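Asker: Starting off with a structure, shown below.
Every number in this text was worked out from the coordinates using simple rules, so none of it is lab data. Because the structure is a prediction, the values reported are computed rather than measured. Neighbour counts are summed over all protein chains in view; Cβ atoms, including those assigned to glycine, are modelled from backbone coordinates with ideal geometry.
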Amino acid sequence: MSKVWSNRFDSSLNPFIDEFNASISFDKKLIIEDIDCSIAHAKMLGKTKVISSNESVKIVKGLETIKQDFIAGKFCPGAPSEDIHYCIEEKLINLIGETGKKLHTGRSRNDQVGTDIRLWLRKKIDVIDILIVKLQNSLLSIAESNIYTLIPGYTHMQRAQPLSLAHHLLAYLEMFQRDRERLKEVRSRVNISPLGAAALAGTKIKIDRYFTAEELGFQNIYKNSIDAVSDRDFCIEFASTSALIMSHLSRISEEIILWVTDEFSFAKLTDKCATGSSLMPQKKNPDVPELIRGKTGRVYGNLHALLTIVKGLPLSYNKDFQEDKEPIFDTVDTISACLKAMTILLNEGIEFNVEKLMDSVHNDFSNATDLADYLVVKKVPFRKAYQIVGDIVKYCLTKEILFKDLDLEEFQKFHSEFKEDIFEKLNPMNVVKSRNSLGGTGFDQVEVEVNKWKKKLLI
């Protein structure tokens, strides 16, 4: 098949180079967006009288036919077409004749490609946002049922202070909410039209860039034609935001992997989201969170690839930009799948061992800070109280006992201000309940936050 530019050349491409140059194998994913872009452009050409109204209508109808044929499975773009843009144009010319050759008036593949990828990514960002909300709702549902379930809180992977399990899970809702806010910001920069910038310098053809922008739902147009065709910041921003989404998914995955170990036993996997071993019959493997954790590296790699592609590129458009699509396509596919998988895991695949969780916070020194705070309330300076509690911990370790195993007389050996109420104050439920500062793990605070999230997550 001859190329649209072949008259300029004396000989045909080497077959391998022809295949090497082609992008149809992956940019066919943009077919709907490319058709929509071309429909808007054709309408604009008719409106500005660059082509006649009849020609404009004929082109639009032809493009709509191609779109419907594709949706119905009657049209499957692929080789030998070089890319989806030429593929659609060739199909249009075959369908409506010479009039189809007028479609590309006043534009270049450079601004066409930039428009297509923005249209595609804009849709995907909206879908990803909905997937995040679904995940947040799953986390919220578990949280609402476990406000009064306690879980050890950790710093440096060492027992620190007891927490409400709901409070722990709400931390992830906050992370994913920041992801949504970042996606919204990215979308605003995706939603700018490069169409009409042509190859790099604009065009002498009488076009209306604001018309095509409005037709395609863009909020604005690029003000500089060179920047319009050479900007891939939005791709990198999206990949960066996606990397953060994956980091949050990976963090909760890591915790789930730990929680379902025999060593922790804070939760167990159901049969719906776990697999067994080919050798060891007793195993139930956390495949879902492990895969999510592993796929995080894949998305990080896509971000690095995009940063490397644009590094040092001279203005304006370069063939290097053909390599921007696969990392973006893969990133969208990966985070979408991971968000869906984590949501299913939370809904169907994990059950918390409430009894084990409650037992665990009764058998450690995570109430040590509360022991110090008890003395602070009695007007003992915090640093002195801290040292006293350190001595008590050391004493308990020597005797292989916990605070709850001490009697009042033993407490009073360390400070006379200890009274009978110390045992009630050290009860883990009371420890958590007392942490009622704004944003704290106290039950009243957690209930308030749960109710706020229930209102916030209404789609």
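Asker: How high is the relative contact order of region 364-456, in percent, counting Cα pairs under 8 Å that sit 6 or more residues apart? Intermediate values should be presented prior to the final figure.
Answerer: Details: 71 pairs, mean separation 21.0, N = 93.
It comes to 23 percent, rounded to a whole number.
Asker: What are the semi-axes of the equivalent ellipsoid of region 364-456, taken as the square roots of 5 times the eigenvalues of the Cα gyration tensor, listed largest first and rounded to whole Å?
Answerer: After scaling each eigenvalue by five and taking roots: 30, 14, 11 Å.
Asker: Just to be sure I understand the model, the point goes 7 Å from the Cα along the line to the Cβ. What's the resulting Val127 to Lys268 distance in nm?
Answerer: 3.7
Asker: What do the square roots of 5 times the Cα gyration tensor eigenvalues come to for region 403-459, in whole Å, largest first, as semi-axes of the equivalent ellipsoid?
Answerer: 37, 9, 6
Asker: What is the percent of Cα-Cα separations in region 119-163 that go past 18 Å?
Answerer: 57
Asker: Kindly list the residues of region 99-113 that lie in the label zone of Asp69, defined by a backbone N under 18 Å from the point 7 Å along the Cα-to-C-beta vector.
Answerer: Answer for this model: 99-104.
Asker: Now for a different question. Specify, per residue and in Å³, the volume enclosed by the convex hull of the alpha carbon atoms belonging to region 267-317.
Answerer: Considering the Cα atoms of region 267-317, their hull volume per residue is 124 Å³.
Asker: Taking the convex hull of the alpha carbon atoms in region 319-425, what volume per residue do you get, in Å³? Spell out each step's value before the answer.
Answerer: Details: hull volume 22.8 nm³, N = 107.
Considering the Cα atoms of region 319-425, their hull volume per residue is 213 Å³.
Asker: I would also like to ask the following. Report, in degrees rounded to the nearest 10, the 0 to 90 angle that the Cα long axis of helix 53-71 makes with the longest principal axis of the chain.
Answerer: It is inclined by approximately 50 degrees.
Asker: So between Glu174 and Leu13, what do we pick up on full extension, going 0.36 nm a residue minus the alpha carbon distance?
Answerer: Taking 0.36 nm per residue and subtracting the Cα distance, the gain is 52.5 nm.
Asker: What angle, in degrees between 0 and 90 and rounded to the nearest 10, separates the Cα long axis of helix 31-47 from the longest principal axis of the Cα atoms of the chain?
Answerer: Around 50 degrees separate the two axes.
Asker: Additional query: In whole Å, what three semi-axes, largest first, describe the equivalent ellipsoid of region 114-235 built from its Cα gyration tensor (square root of 5 times each eigenvalue)? The partial results should precede the final answer.
Answerer: Working: eigenvalues 432, 43, 13 Å².
Result for region 114-235: semi-axes of 46, 15, 8 Å.
Asker: Using Cα-Cα distances under 8 Å and only pairs 6 or more residues apart, what relative contact order does the chain have, in percent?
Answerer: Values: 597 pairs, mean separation 72.2, N = 459.
Contact order relative to length: 16 percent.
Asker: Where a Cα-Cα gap under 29 Å defines reach, which lysines qualify for Lys394, not counting those fewer than 8 residues away within the same chain?
Answerer: Lys356, Lys378, Lys379, Lys384, Lys404, Lys413, Lys419, Lys425, Lys433
Asker: So for the chain, considering every pair of alpha-carbon atoms, how many percent are separated by more than 40 Å?
Answerer: Pairs farther apart than 40 Å: 42 percent.
Asker: For the pairs Lys47/Lys124; Lys61/Lys101; Lys29/Lys49; Lys67/Lys311; Lys67/Lys101; Lys223/Lys295, flag any whose C-alpha to C-alpha distance is greater than 26 Å.
Answerer: Table pairs above 26 Å Cα-Cα are Lys47/Lys124; Lys29/Lys49; Lys67/Lys311; Lys223/Lys295.
Asker: Something else: For region 6-105, with equal point scatterers placed on the C-alpha atoms only and solvent neglected, what are the log10 I(q)/I(0) values from the Debye formula at q = 0.17, 0.19, 0.25 1/Å, to two decimals?
Answerer: Per q value, in the given order, log10 I(q)/I(0) is -0.79, -0.93, -1.26.
Asker: While we're here: Express the relative contact order of region 1-91 as a whole percentage, based on alpha carbon pairs under 8 Å and six or more residues apart in sequence. Each step should come with its number before you reach the end.
Answerer: On the way: 67 pairs, mean separation 36.1, N = 91.
Averaging sequence separation for qualifying contacts and normalising by length gives 40 percent for region 1-91.
Asker: Still on this structure, I have one more. Kindly express, to the nearest 10 degrees and within the range 0 to 90, the angle between helix 368-377's C-alpha long axis and the longest C-alpha principal axis of the chain.
Answerer: Roughly 70 degrees between the two axes.
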